Amino acid sequence: MLPDADALPEILLDLAVPHEDINDLVALRRALTADAVAMRLLEECVEDLVRDIGEAGITVPLAERVEEAPAALGPYFAVYVFVAALPHTRAYHRERGVPADVSRRTLADLGRNMAFHRRQHGRGGVKVPQWLTHHFRGELYQLGRLQFERARLGQRTGRAMAAAGQDAAPGEPCLNLHIPDFHGPLSPSACDRSLELAREFFARHFPRERYPVAVCHSWLLDPQLKRYVDPDSNIVRFQERFRAGRDPDEEPEPADDEPVRFVFGDPDLPVASLPRRTSVERAVVDHLRAGGHWYVGHGWFPL
């Protein structure tokens, strides 16, 4: 199931795993394979992950299962699960005709996730194993600057679209749009290219599925950002692509930790200590120090 110790480093590099984690992962492989209970847990996690691979919308409880791993393996156990599942994912991609470069860039989100973990905790590990199940199950693809996830409209967005006169309802297919970090500016041209790639990609590789709308749920869609950043900034121009995906009478819940997590790498950092080097950092910090709250915005637009 697991590649041998000689093959493992190259596979980890293909997944963009940070170089400083590779020696530890190779060394711990021996402890994992020598532990029958841990190996059985690994097999069960992989079975759960790849069962009905390609079927969108199935929740795989990976986060809970990896917590059962021995403490010595704990921070890295999820990496071994994804490495062991990799042949299944690549086979599914080949079956769909997904180009090798798209497959590689999509699955490299494992390394990005691990970089987030190290930035926050100062040690190796996987920050959000549950998030990566979408990549390894063939639900999510990196296409240029943005990521696109095969999904279905939720109640909130489906109702908002219907109220706007769209022929849409909760439960119908959509593409959830995600904005990865460590990938350069969110420029209008980069977003335009991603959207064009997405239209072509899903029409070609998922021809029986129709995705008429893109949906995004992110603090970057909080309209309060317009108070702080330039009207011609990438963030404002990104926001302007979307129509509101929430009932204006709905009372949103504050999500102050979201911008702190994504801008500064750690949601638990005290606001008083946060730097103000860029316009986005100043926006997040000044708003919170003034007693304001940030909210997750919800938006959609036709593809």
Sparse-neighbour loop sites [GluC sites (Glu not before Pro); region 237-303; at most 14 other C-beta within 10 Å; DSSP]: GLU240, GLU250
Label-to-label distance, nm, for residues given as GLU240 and ALA36 (7 Å Cα→Cβ offset): 6.6
Under Karplus coefficients 6.51, -1.76 and 1.60, residue-wise ³J(HN,Hα) of region 270-287 in Hz, glycine/proline x: x, 4, 4, 9, 6, x, 10, 7, 10, 5, 5, 4, 5, 4, 4, 5, 4, 5
Full-stretch length increase - ARG90, ASP14 - with 0.36 nm per residue and alpha-carbon distance subtracted: 26.1 nm
Difference of contour (0.36 nm per residue) and Cα-Cα distance, GLU172 to GLU43: 43.1 nm
Stokes-Einstein diffusion coefficient of region 237-298, Kirkwood radius over Cα pairs, 4 °C, 1.567 mPa s, in µm²/s: 101
Extension gain, ARG123 back to THR59 (0.36 nm per residue minus Cα-Cα distance, nm): 20.2 nm
Whole-Å distance, taken between Cα centres, linking region 171-234 and region 83-104: 23
Amide H within-cut-off set for GLY297, under 5 Å, with H built and near neighbours excluded: SER218, TRP219, LEU220, LEU221, ASP222
R0 of 41 Å, Cβ-Cβ distance ARG208-ASN23: FRET efficiency to nearest 0.05: 0.40
Charge dipole of the chain about the Cα centre (unit charges at C-beta), most positive-ward option of PHE262, CYS191, HIS178: CYS191
Rg [Å, one decimal], Dmax [Å, integer] - the chain, C-alpha atoms: 20.2, 60
Dipole magnitude of region 1-138 about its Cα centre (Cβ charges: Lys, Arg +1; Asp, Glu -1), debye to nearest 20: 420
ASP4-ARG193 FRET efficiency (beta carbon distance; Förster radius 41 Å; 0.05 resolution): 0.55
DSSP-assigned coil residues among GluC sites (Glu not before Pro) in region 47-148, each with at most 14 further Cβ atoms within 10 Å: GLU55, GLU67, GLU68
Exposure proxy ranking, count of Cβ atoms within 10 Å, fewest first, for HIS135, HIS205: HIS205, HIS135
Table column - 3J(HN,Hα) (Hz), region 86-91, Karplus curve with 6.51, -1.76, 1.60, x for Gly and Pro: 4, x, 5, 5, 5, 5
DSSP-assigned coil residues among trypsin sites (Lys or Arg not before Pro) in region 19-107, each with at most 16 further Cβ atoms within 10 Å: ARG51
R0 of 30 Å, Cβ-Cβ distance GLN224-ASP181: FRET efficiency to nearest 0.05: 0.90
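We did not get these values from a lab; they are worked out from the coordinates using the rules stated. Keep in mind the model is a prediction, meaning the values are calculated, not measured. Ideal geometry is used to build each Cβ from the backbone, glycine not excepted, and the neighbour counts take in all protein chains shown.
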